[in-house]
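Notes follow once the structure below has been shown.
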Amino acid sequence: RHPLFRDPRVRRALTLAINRRELVQMLNLPEDLPIVGGMFTLRQFRRGELPEPLPYDPERAAQLLDAAGWRDQDRDGVRERGGVEARFTAIARVRHSALPTQMAIYVQAQLRRVGIRMEVQTLEWALAAARRRAGEFDAAINFFPNIAATWIPSRLRIREWFGEGSRFGYTNPELVRLLETAVITIDPEAKDQIYREVMEIFRADQPVTLLFPATAMGVAHRRLRGFSSPYRLPGIRSMEYGWIEEEEAEP
């Protein structure tokens, strides 16, 4: 709904302007954490068949912004179009972790380099959640559901995210149709193909900038085996891949 975000070229430029690999390093997250460009199935994740992300390319970002009509005409460091400056506010929740605020400040600095001003508003968890549910924000630093790999959604939830009246302002009937079809598709090959089509929509529209996948820490007894692969964590959800290594009795 924000005038800056209505052009997919601008949304793509915002993603190109953010060095997501450097962000992962700055936040002290695992160095091999994959950067992805869209939603995917759990099987695709385990096979390493992940959607290719846009690269870090601030020069290309600037070109796209120029092409979309957002230029810094008065040389004050902020782009504008039709008398409107390229400014927006991103909300970040505050709870038990400073991570969302750290992410927001990093993104703010990255976008400043290409002439976009992002203000950061930190909100208490419940208030931030209420604002997101009501769609009362320009942008938000938040979890974005990878529908195939994390949960089985209802049609209502899919439409809340991508249907008419979407909570974050992006509506795409074809995306809704594909995701609703994926929910009732049993054949894993067919489901993977649906998500390849979903990825094409993400590439064209760039409705969100996916900074990095959510991570979780797991702790297990040393006798428990089978969870060394990053594609099989957390262990609680992947117990079928584990086994207990029998210890030899001491003489």
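The values are calculated or read from the model by the stated rules, or taken from the named source; none is laboratory data. All values derive from a computational prediction rather than experimental measurement. Virtual Cβ from ideal backbone geometry, glycine too; neighbours counted across all protein chains shown. Note: accessible area is taken over every heavy atom of the protein model, side chains too, but ligands, DNA and RNA are not part of it. Shrake-Rupley method; radii C 1.70, N 1.55, O 1.52, S 1.80 Å.
For the range 1-17, the set of residues classified as open to solvent by 10 Å² or more (accessible area, probe 1.4 Å) and in a loop (DSSP other than H, G, I, E, B) consists of R1, H2, R6, D7, listed by residue number. For the range 22-65, the tally of residues that are over 23 Å from N146 (Cβ atoms), in contact (Cβ under 8 Å) with a residue 40 or more places away in the chain and among the acidic types (D, E) stands at 1. Pairs meeting the criteria (first residue in the range 170-199 and on the phi > 0 side of the Ramachandran plot and part of a helix (DSSP H, G or I), second residue open to solvent by 20 Å² or more (accessible area, probe 1.4 Å) and basic (K, R), beta carbons under 8 Å, at least 6 apart or on different chains) are lacking. Residue count for the range 190-202 under the criterion of being touching a Lys or Arg at 6+ places or on another chain (Cβ under 9 Å) and closer than 30 Å to I105 by Cβ: the result is 0.
Residue by residue, here is whether (1) modelled with pLDDT of 90 or more; (2) polar (S, T, N, Q); (3) surrounded by fewer than 17 Cβ atoms within 10 Å (Cβ to Cβ); (4) closer than 24 Å to R6 by Cβ holds:
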| position | (1), (2), (3), (4) |
| --- | --- |
| G83 | yes, no, yes, yes |
| F88 | yes, no, no, yes |
| L111 | yes, no, no, yes |
| G115 | yes, no, no, yes |
| M118 | yes, no, no, yes |
| A130 | yes, no, yes, no |
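For the range 150-162, filtered to residues that are open to solvent by less than 30 Å² (accessible area, probe 1.4 Å) and either of a type in the set (F, W, Y) or within 14 Å of K191 (Cα to Cα) (or both), the residue that is modelled with the lowest pLDDT is W161. The C-beta contact set for the range 131-142 (first residue more than 24 Å from Q102 (Cβ to Cβ), second residue open to solvent by less than 60 Å² (accessible area, probe 1.4 Å), distance under 6 angstrom, 6+ apart or interchain) comprises G135/R167. I'd like to know if the range 45-57 contains one or more residues that are at pLDDT 95 or above and not in a loop (DSSP other than H, G, I, E, B). No; the residues of the range 45-57 include none that is at pLDDT 95 or above and not in a loop (DSSP other than H, G, I, E, B).
The single condition among (1) touching a Ser or Thr at 6+ places or on another chain (Cβ under 9 Å); (2) of a type outside the set (F, W, Y); (3) open to solvent by 60 Å² or more (accessible area, probe 1.4 Å) that N28 does not meet is (1). Within the range 80-111, being part of a loop (DSSP other than H, G, I, E, B) and not small (G, A, S) holds for R95, H96.
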